[in-house]
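**Q** I'd like to ask some things about the structure below.
The values are calculated or read from the model by the stated rules, or taken from the named source; none is laboratory data. Source: prediction; values computed, not measured. Please note that ligands, DNA and RNA were not included when accessible areas were found on the heavy atoms of the full protein model with its side chains. Shrake-Rupley method; radii C 1.70, N 1.55, O 1.52, S 1.80 Å.
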Amino acid sequence: MELSYQVRGMNCDHCVQSVTKTVGALPAVGSVQVDLPTGTVTVTSAAAVPLDDLRAAVDDAGFELIGAAR
């Protein structure tokens, strides 16, 4: 399963690393790809990742999950 989300506040490679680490630590997440210029975070997982868990992980990294990417 692959879903993409918009994340606000990322502006450097350290931001990318923080989001990748916290989201990647969630159960069932296989990989995380961040497109810094667009603020898009793509999560590949074996099963659905609850949105509340994803939002909490992004918040823990210091950023804001603003919704699904278009």
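**Q** Rounded to a whole number of µm²/s, how large is the Stokes-Einstein D of segment 1-41 at 25 °C and 0.890 mPa s, given Rh as the Kirkwood radius over C-alpha pairs?
**A** In µm²/s, the coefficient is 235.
**Q** Can you give me the % of accessible surface on the chain that is carbon or sulfur? Probe 1.4 Å, all protein chains present, nothing else counted.
**A** Exposed carbon and sulfur together represent 51 percent of the surface.
**Q** To continue, here is another question. Any idea what % of Cα-Cα pairs in the chain are farther than 15 Å?
**A** The calculated P(r) of the chain puts 42 percent of pairs beyond 15 Å.
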